[in-house]
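A.B. asks: What follows is a single structure, and I will ask about it in a moment.
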Amino acid sequence: MSNKSAHQPPRWADRFLEWYCRSEILEDLQGDLYEHFERNTISKGKRKAKQIYCLDVLKFFRPYTIRKFKIVNNITSFIMFKNYFKTSVRSIARNKLFSAINVIGLAVSMSIGLLMITFISEVTSFDRFHTDGDRVYRVNNKYQYQQEDPTNFATTSVAMDERIKENIPGIESQVLMTRGFGGDAKLGDKIIPISGLWASEGFTDVFSFEVLRGNPETMLSEPHSVVLTDETAEKIFGIADPMGQTFQLGEDIFTVTGVIRNPPFNSHFTFGALGSYITFMNKNGVGEKGERWKNAWNNMWMNYVYVKLEPNTRVEDVNQKLLALGETESEKYEHITITASLQPLYGIMAGPDLSNNIGNSIGGEIIWILGALTLVVLLSAGFNYTNLSIARSLRRSKEVGVRKVVGATKGQIFNQFITEATIISLISVVFAYLLFMLIKPQFLGLDPSIQRSLQLNITPILFLYFFGFAILVGILAGFFPALFLSKLQAVQALKNAGSTKLFSKVNMRKVLIVIQFTLSMAFIISASIAYTQFKYALGFDLGFKTENVLNVRLEGNDWQKVQTAFSSIPEITQISKSSMITSTGSTYAADMKYGGDSTELFYNDIDENYLELMGHELIAGVNFDKKTPDTDETEIILNEAALKRFNLGTPYEAIGKQVEVDNKDVTIIGVVKDFHYNKIEEGIESFGFRSNNQGFYNVNLKISSTDLPATMNKLENAWNELDPVHEFDSKFYNEQIQSAYSQYQIMGTIVGFLAVLTVSIAALGLLGMAVYTAETRMKEISIRKVLGATEGSLISLLTRGFMWLLLISAALAIPLTYLFFEQKILNDIENRASIGVLELFTGVIIIFGIGILTIGSQVRKAARANPAQTLRSE
């Protein structure tokens with residue numbers, strides 16, 4: 001092309017030549033044509049030379065000069081894919097048993113994959129409806145008492161809100177919210193319970209909940225203003241316009257200044273109403289006590305602060321300023337350090353499960369655990385496919401050899417087997433979807449918190465994810481067999497590919513079988529350990545009695561009236577009151593000081609009947625006396641751990657001493673034997689029973705009944721007569737204990753279910769291997785029978801190898817699972833069940849039983865076959 005002269009040939013002809021001519025000959029051909037054109041220009045003239053040039057370009061438009069065009073490549077690729085598809089379908093149809101085993105195994109495992117795809121897709125969709133949600137963050141606190149391990153909280157202090165406004169730049173808007181707004185809304189004769197949050201004016205600047213009525217800028221700016229959701233507004237006002245209307249809430253009259261559409265399901269927090277924060281401040285932030293409350297850095301148990309950063313503000317810069325601010329403020333306190341950091345709005349639902357969360361949180365750790373378990377199940381099915389494919393390599397190798405002899409390339413062989421695996425995966429995903437629809441309600445029903453947090457609705461985009469997932473599984477499952485078979489040489493393939501080794505003398509199929517059954521045994525052992533721990537927790541001696549105790553929520557009612565109503569029921573033998581239900585995970589804490597030392601004191605407000613009803617052992621001193629509701633708190637009953645913590649001496653020596661609790665001087669009047677006020681995973685720490693008649697939230701009923709349903713009906717009727725507005729919220733103590741340890745039950749259920757799946761998949765694979773082994777060794781079996789081998793010796797011969805593989809799997813699964821639970825799962829649990837022989841060997845026994853039945857049935861069938869039928873063609 002460097003030979004171009006001043007006389008140029010026709011431009012269209014030149015372009016046509018460059019378009020159709022192959023790149024490797026274009027330069028030489030074009031150069032020759034230019035030289036010819038130059039000579040013709042001199043000898044025949046410019047016009048004639050152009051005509052000849054055009055004719056020459058057209059003459060060279062021949063098969064050997066034409067490049068391969070994209071459309072030709074696409075047509076060729078389509079034809080090749082069509083061939084792969086037809087060949088794969090024929091292979092699948094020809095090997096019905098192996099195809100069915102692979103389809104069922106993949107479908108079972110992929111159903112869990114579909115569940116996880118839906119689960120992760122929904123969790124990551126939370127809060128995405130907020131405008132500029134990627135710039136919204138929650139201020140979380142890290143609380144550390146002395147040298148104890150720090151605890152992360154979703155809550156922060158009112159002071160934090162003010163310090164951010166004063167000291168941290170780059171904040172576009174922020175909102176302060178506090179729990180506790182709500183109660184019984186009264187409008188005429190109508191009483192409607194409502195619940196919500198106190199919220200500052202910045203609520204609508206930070207969040208994008210849909211405002212239906214009212215001015216978003218001012219609807220939370222005035223005292224005694226309230227914003228209702230459309231659902232709450234309809235409950236209170238019916239179809240009437242709620243704007244400007246008033247209703248009574250407690251002792252206050254609130255005016256409706258706005259209506260917001262009910263928060264969508266994928267919001268990490270919900271509410272029925274929002275009270276203006278200025279109202280809350282006017283009630284709690286006035287006077288000396290109110291000023292201390294507002295400025296207290298450690299008043300961090302009920303408040304939430306969310307900020308929206310300016311577009312160019314770096315999160316790292318704000319976090320550094322928050323850390324410095326926390327360290328400065330914590331210097332005012334002797335024993336505690338409280339620092340803060342930002343958590344992205346989009347990461348709250350899938351983030352860590354923090355204390356005092358404003359709503360439900362799945363927790364990132366749960367997602368990782370479920371994802372890992374799902375991957376294990378998918379690997380089991382993938383190994384199954386790989387194992388069976390490579391096991392059949394002896395038969396398929398002849399097919400590969402013939403293809404290579406007639407000219408098939410390594411890439412074409414690879415694509416053929418990948419296509420076959422992908423088709424099986426696509427067939428499997430259809431069955432997997434049906435299984436997914438069956439297991440979805442079971443998954444949601446594992447725990448009430450899961451149902452409150454998730455719906456797992458199917459959206460159109462999920463079907464695209466499912467399709468992509470099936471393609472990915474097919475490629476991954478078929479990759480190794482395709483690579484294995486495509487690498488075979490023609491001569492090797494036509495001889496025997498079945499003996500190819502993965503690691504020197506270790507057969508590849510044996511390695512996969514060992515891995516698969518190791519996983520299956522580990523799942524069964526894990527489920528057994530989790531169930532044992534759950535039963536241990538339920539039967540653990542807490543140090544008090546919970547049998548036949550019914551706990552009823554007071555729902556704001558006068559406890560004296562509730563006590564009177566229930567006292568008339570003869571099946572109620574004892575009644576007491578308390579602020580909390582101990583040993584279920586909830587705790588109340590106060591500051592306790594004595595002799596210059598201080599610590600956290602966990603406590604429960606109780607009446608004079610509680611200790612006797614719950615069976616607590618009073619080892620020194622006396623119980624509380626009956627008090628009138630307005631009596632000040634002057635006495636306390638401590639446990640043995642509190643005495644040891646403050647060196648108060650023996651239980652008898654501690655009686656009469658004064659300690660300071662929540663800035664009040666109280667006298668120790670009794671000492672109870674240590675008991676587990678928290679969950680048994682935690683140790684026993686300082687605890688006290690306080691007597692504060694204003695802090696009761698539960699009524700505790702001791703029931704003695706031969707007809708429990710009838711007794712419950714009496715209780716509910718008595719409640720409805722007293723309070724027709726609120727539902728009768730009651731639970732037996734043992735049920736609450738069981739709910740407190742539901743994580744073990746859930747873990748056992750999930751792992752047990754996955755164990756069933758992996759064992760089923762492994763059993764299918766073992767069945768396929770047994771069938772294949774029996775088929776390929778039929779002539780050997782027949783010859784041995786002719787030579788006098790017994791049926792028992794043949795069964796022993798053929799099953800011996802499989803049993804050794806199962807023994808190796810057990811030798812790996814037992815110690816690995818034991819160490820995992822001992823060092824990771826149960827290591828930090830104070831009180832736990834020991835892992836016994838039964839838990840460890842349950843999986844081994846089950847797997848060996850399944851293995852013997854699966855392998856034995858096929859081997860026995862082969863051993864009973866008539867050798868004459870097998871050897872007649874020899």
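A.B. asks: Scan region 354-384 for residues that are β-branched (Val, Ile, Thr) and touching a residue at least 60 places away in the same chain (Cβ under 8 Å) and jot them down.
C.D. replies: Selection gives 358, 362, 367, 374, 376, 377.
Here's the yes/no breakdown for (1) assigned to a helix (DSSP H, G or I); (2) at pLDDT below 75:
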residue: 394; (1), (2): yes, yes
residue: 402; (1), (2): yes, yes
residue: 414; (1), (2): yes, no
residue: 431; (1), (2): yes, no
residue: 441; (1), (2): yes, no
residue: 446; (1), (2): no, no
residue: 452; (1), (2): yes, no
residue: 456; (1), (2): no, no
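A.B. asks: Output the number of residues of region 321-364 satisfying the condition of being in the same structural domain as residue 158 (by TED's automatic domain parsing), among the charged types (D, E, K, R) and either in a loop (DSSP other than H, G, I, E, B) or modelled with pLDDT under 85 (or both).
C.D. replies: 3
A.B. asks: Looking only at region 307-316, decide whether some residue is part of a strand (DSSP E or B) and surrounded by fewer than 19 Cβ atoms within 10 Å (Cβ to Cβ).
C.D. replies: no
A.B. asks: Based on this model, can you work out whether residue 175 counts as of a type outside the set (Phe, Trp, Tyr), within 30 Å of residue 332 (Cα to Cα), part of a strand (DSSP E or B) and touching a residue at least 12 places away in the same chain (Cβ under 8 Å)?
C.D. replies: Against the criterion (of a type outside the set (Phe, Trp, Tyr), within 30 Å of residue 332 (Cα to Cα), part of a strand (DSSP E or B) and touching a residue at least 12 places away in the same chain (Cβ under 8 Å)), residue 175 qualifies.
A.B. asks: Can you spot a residue in region 160-167 that is out of contact with any Gly (no Cβ under 9 Å at 6 or more places or on another chain) and outside any helix (DSSP H, G or I)?
C.D. replies: Scanning region 160-167, I find no residue that is out of contact with any Gly (no Cβ under 9 Å at 6 or more places or on another chain) and outside any helix (DSSP H, G or I), so the answer is no.
A.B. asks: So which of 374, 328, 339 ends up being surrounded by fewer than 15 Cβ atoms within 10 Å (Cβ to Cβ), on the phi < 0 side of the Ramachandran plot and β-branched (Val, Ile, Thr)?
C.D. replies: One residue alone meets the criteria, 328.
A.B. asks: If you don't mind, there's one more thing I want to ask. Exactly one condition in (1) surrounded by fewer than 19 Cβ atoms within 10 Å (Cβ to Cβ); (2) of a type in the set (Gly, Ala, Ser); (3) touching a residue at least 24 places away in the same chain (Cβ under 8 Å) is not met by residue 586; state its number.
C.D. replies: Among (1) surrounded by fewer than 19 Cβ atoms within 10 Å (Cβ to Cβ); (2) of a type in the set (Gly, Ala, Ser); (3) touching a residue at least 24 places away in the same chain (Cβ under 8 Å), residue 586 violates only (3).
A.B. asks: While we're looking at this one, here's another question. Please list, ordered by first then second residue, the pairs with beta carbon atoms under 9 Å, 6 or more apart or interchain, first in region 88-102 and more than 14 Å from residue 474 (Cβ to Cβ) and assigned by TED's automatic domain parsing to the domain that holds residue 420, second at pLDDT below 70 and of a type in the set (Phe, Trp, Tyr).
C.D. replies: 98/772
A.B. asks: Looking at region 717-744, which of the residues that are outside any loop (DSSP other than H, G, I, E, B) and more than 37 Å from the chain's Cα centre (by Cα) is surrounded by the most Cβ atoms within 10 Å (Cβ to Cβ)?
C.D. replies: If we take residues in region 717-744 being outside any loop (DSSP other than H, G, I, E, B) and more than 37 Å from the chain's Cα centre (by Cα), then 719 is surrounded by the most Cβ atoms within 10 Å (Cβ to Cβ).
A.B. asks: Return the residue satisfying two criteria in turn: it lies in region 15-42 and is without any contact (Cβ under 8 Å) to a residue 24 or more places away in the chain and of a type in the set (Asp, Glu), and of such residues it is surrounded by the fewest Cβ atoms within 10 Å (Cβ to Cβ).
C.D. replies: Selected residue: 24.
A.B. asks: Residue 714 is checked against (1) in a loop (DSSP other than H, G, I, E, B); (2) surrounded by 12 or more Cβ atoms within 10 Å (Cβ to Cβ) and fails just one. What number does that condition carry?
C.D. replies: Status for residue 714: all satisfied but (1).
A.B. asks: Looking at region 182-205 only, could you name the residues that are of a type in the set (Phe, Trp, Tyr) and surrounded by fewer than 17 Cβ atoms within 10 Å (Cβ to Cβ)?
C.D. replies: Those that are of a type in the set (Phe, Trp, Tyr) and surrounded by fewer than 17 Cβ atoms within 10 Å (Cβ to Cβ): none in region 182-205.
A.B. asks: Another question, if that's okay. Output the residue which, of all residues in region 658-684 that are under 16 Å from residue 541 (Cβ atoms) and of a type in the set (D, E, K, R), is surrounded by the most Cβ atoms within 10 Å (Cβ to Cβ).
C.D. replies: 679
A.B. asks: So the check is Cβ under 7 Å with 6+ separation or different chains; which pairs have a first residue in region 182-200 that's at negative phi and in contact (Cβ under 8 Å) with a residue 40 or more places away in the chain and a second one that's of a type in the set (S, T, N, Q) and part of a strand (DSSP E or B)?
C.D. replies: 186/248; 197/178; 198/178
A.B. asks: Go through region 640-692 and count every residue that is free of Cβ contacts under 8 Å to residues at least 60 places away in the same chain, farther than 15 Å from residue 593 by Cα and either outside any loop (DSSP other than H, G, I, E, B) or among the aromatic types (Phe, Trp, Tyr) (or both).
C.D. replies: Counting residues in region 640-692 that are free of Cβ contacts under 8 Å to residues at least 60 places away in the same chain, farther than 15 Å from residue 593 by Cα and either outside any loop (DSSP other than H, G, I, E, B) or among the aromatic types (Phe, Trp, Tyr) (or both) gives 7.
A.B. asks: Just to be sure, is residue 771 at pLDDT 75 or above and either part of a helix (DSSP H, G or I) or under 24 Å from residue 846 (Cα atoms) (or both)?
C.D. replies: Spelling it out, it is not the case that residue 771 is at pLDDT 75 or above and either part of a helix (DSSP H, G or I) or under 24 Å from residue 846 (Cα atoms) (or both).
A.B. asks: In addition: Would you check if there is a residue in region 259-279 being in contact with a Gly (Cβ under 9 Å, 6 or more places away or on another chain), in the same structural domain as residue 235 (by TED's automatic domain parsing) and basic (Lys, Arg)?
C.D. replies: no
A.B. asks: Could you please find all residues in region 206-253 being in contact (Cβ under 8 Å) with a residue 60 or more places away in the chain, crowded, with 16+ Cβ neighbours inside 10 Å and not in a loop (DSSP other than H, G, I, E, B)?
C.D. replies: The answer is 206, 247, 249.
A.B. asks: Continuing with this model, one more query. Given the condition of a type in the set (Lys, Arg), in contact with a Ser or Thr (Cβ under 8 Å, 6 or more places away or on another chain) and farther than 24 Å from residue 703 by Cβ, answer yes or no: does some residue in region 633-654 qualify?
C.D. replies: yes
A.B. asks: Of all residues in region 154-187, which are of a type in the set (D, E, K, R) and farther than 21 Å from residue 133 by Cα?
C.D. replies: Result: 162, 163, 166, 179, 184, 186.
A.B. asks: Would you check which residues across region 776-833 are part of a loop (DSSP other than H, G, I, E, B), free of Cβ contacts under 8 Å to residues at least 24 places away in the same chain and small (Gly, Ala, Ser) and list them?
C.D. replies: If the condition is that a residue be part of a loop (DSSP other than H, G, I, E, B), free of Cβ contacts under 8 Å to residues at least 24 places away in the same chain and small (Gly, Ala, Ser), then 788, 789 are the ones that fit.
A.B. asks: Still on this structure, please answer the following. Across region 43-57, which residue is surrounded by the fewest Cβ atoms within 10 Å (Cβ to Cβ) among those that are of a type outside the set (Lys, Arg) and in contact (Cβ under 8 Å) with a residue 40 or more places away in the chain?
C.D. replies: By that ranking, first place goes to 54.
A.B. asks: Tell me, which residue of region 342-371 that is among the hydroxyl-bearing types (Ser, Thr, Tyr) and either out of contact with any Phe, Trp or Tyr (no Cβ under 6 Å at 6 or more places or on another chain) or more than 22 Å from residue 267 (Cβ to Cβ) (or both) is surrounded by the most Cβ atoms within 10 Å (Cβ to Cβ)?
C.D. replies: Here the answer is 361.
A.B. asks: Let me ask you something else. If you go through region 700-748, how many residues are touching a residue at least 60 places away in the same chain (Cβ under 8 Å) and closer than 30 Å to residue 843 by Cα?
C.D. replies: Matching residues across region 700-748 total 11.
A.B. asks: For residues that are of a type outside the set (A, V, I, L, M) and in a helix (DSSP H, G or I), scanning just region 834-854, find the one that is surrounded by the fewest Cβ atoms within 10 Å (Cβ to Cβ).
C.D. replies: Looking at the filtered set, the residue picked out is 849.
A.B. asks: Tell me, which residue of region 254-282 that is aromatic (Phe, Trp, Tyr) and modelled with pLDDT of 90 or more is surrounded by the fewest Cβ atoms within 10 Å (Cβ to Cβ)?
C.D. replies: Per the stated criteria, the residue is 269.
A.B. asks: Looking at region 317-330, I want the residues that are within 14 Å of residue 157 (Cβ to Cβ) and have a partner that is small (Gly, Ala, Ser) and outside any helix (DSSP H, G or I) with Cβ atoms under 7 Å, at least 6 apart or on another chain. Which pairs are those?
C.D. replies: As it stands, the answer is 322/340; 322/341; 326/340, since those pairs meet every condition given.
The values are calculated or read from the model by the stated rules, or taken from the named source; none is laboratory data. Model, not experiment: these values are computed from the prediction. Don't worry about glycine lacking a Cβ; one is built from the backbone with ideal geometry, like all the others, and counts go over all protein chains shown.
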